[in-house]
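The values are calculated or read from the model by the stated rules, or taken from the named source; none is laboratory data. In this text, all values refer to a predicted model and were calculated from it rather than measured experimentally. Counting neighbours? That spans all protein chains shown, and the Cβs are built from the backbone with ideal geometry, glycine included. Remember, those area values only see protein heavy atoms, side chains included, never the ligands or the DNA or RNA. Shrake-Rupley method; radii C 1.70, N 1.55, O 1.52, S 1.80 Å.
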Amino acid sequence: MRTYRVGICSRDPAYASNLMLALNRVSEGKVEAMVFSSPNLILTCMPVQEPDLIVMDGFIRPDRESVHIVTDSFARPDRSITDSETYETESPDDDRKKASEWKKELGIEVVVLTETPSVFGIYKYQSVRGICKELLERLHKQSAAGSQRSGCIAVFSPLGRCGKTTLARALARAEESRGGLYIGMEEYADRTVHSEVLYQIHRRSPDVYEAVVRELTSEEGVCCLRLSDTYSDLLDVQRSDLEWFHEQLLQPERYRTLIYDVGGASLSSPEVLECFDHILMPVLPGNVAVGKVERFRSSLREAGLGGLLCRIHQVELPADAIERMDESAILACINE
């Protein structure tokens with residue numbers, strides 16, 4: 001059974017604490033709720049396994065003040081939201097807009113707690129079982145949408161030796177019969193590649209698909225396209241280049257899913273990641289690895305790319321599965 005992590009942030013700290021306790025009690029292990037005494041603390045003190053969803057007052061406005069957090073201590077927050085952090089009006093007139101604003105700021109799905117029943121939020125004065133039911137419905141729907149492996153998928157990590165290529169190959173093999181293609185975008189490939197495809201992409205050539213077909217190879221039983229074997233070529237690839245390329249390939253009778261194996265040094269800018277629908281990020285245990293991942297996530301927020309965090313799914317692959325290249329065990333990890 002999956003346990004969803006739900007963050008709660010309210011200008012009423014007593015309500016937030018009581019809701020946390022009640023959700024943890026009635027959800028039968030399906031929800032692990034925690035209280036943030038300010039939404040901005042999520043940006044700086046977020047646990048490594050970040051919340052799947054944030055439940056937030058419709059009155060709270062974005063700000064940059066750092067405050068304190070209450071999690072598993074179950075104590076009341078030592079600070080409530082100040083007047084400067086709230087909207088002037090007492091009427092949350094556009095809950096959907098506020099949720100979207102916070103999602104862009106935090107990079108996490110947000111649902112607004114409403115003072116009156118609303119289809120765009122969760123009514124805060126209903127029974128806790130009703131709140132729990134609505135939360136689980138949203139979380140199940142969100143999880144199901146994220147598990148649909150179609151479109152463009154990047155397998156990327158700021159870490160090395162984490163199983164990135166093994167995961168990308170496993171995904172490509174699983175998707176190949178349904179129109180999946182592995183695309184190698186690593187800075188140092190294991191063989192020399194003289195790609196015509198990059199030239200066709202830069203020219204916006206209508207013949208790019210034919211060039212792709214000519215350059216396909218089979219590696220370990222997986223149909224592969226390698227864009228280049230040197231990072232200098234790949235650094236010339238911009239977001240607009242890949243967006244155009246995807247339009248040419250994701251067509252009926254061509255491909256349904258593109259799985260990219262992306263090397264960290266092959267991106268001209270983190271902005272390139274915005275052209276992917278899903279980003280799978282293999283991670284490793286240990287303080288050093290955790291620190292590197294968090295610094296990468298912080299760099300996205302600082303670059304104004306916090307919205308990308310909603311597309312990133314961190315997955316820790318079993319070391320023995322990577323060593324054995326056990327693709328079934330690896331795929332089971334991302335489907336949990």
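Take the residues in region 1-39 that are open to solvent by 10 Å² or more (accessible area, probe 1.4 Å) and assigned to a loop (DSSP other than H, G, I, E, B), then tell me which one is nearest to Y125 (Cα to Cα). Of everything passing the filter in region 1-39, D12 is nearest to Y125 (Cα to Cα). Scanning for something closer than 12 Å to F276 by Cα and surrounded by 19 or more Cβ atoms within 10 Å (Cβ to Cβ), does region 235-243 turn up at least one residue? Yes, that holds for at least one residue. Given the condition in a loop (DSSP other than H, G, I, E, B) and of a type outside the set (S, T, Y), answer yes or no: does some residue in region 312-324 qualify? Yes, the conditions are met somewhere in region 312-324. If the condition is being surrounded by fewer than 16 Cβ atoms within 10 Å (Cβ to Cβ) and either more than 25 Å from D241 (Cβ to Cβ) or touching a strand residue (DSSP E or B) at 6+ places or on another chain (Cβ under 6 Å) (or both), then region 262-313 contributes P285, G286, N287, V288, V290, G291, E294, R295, S298, H313.
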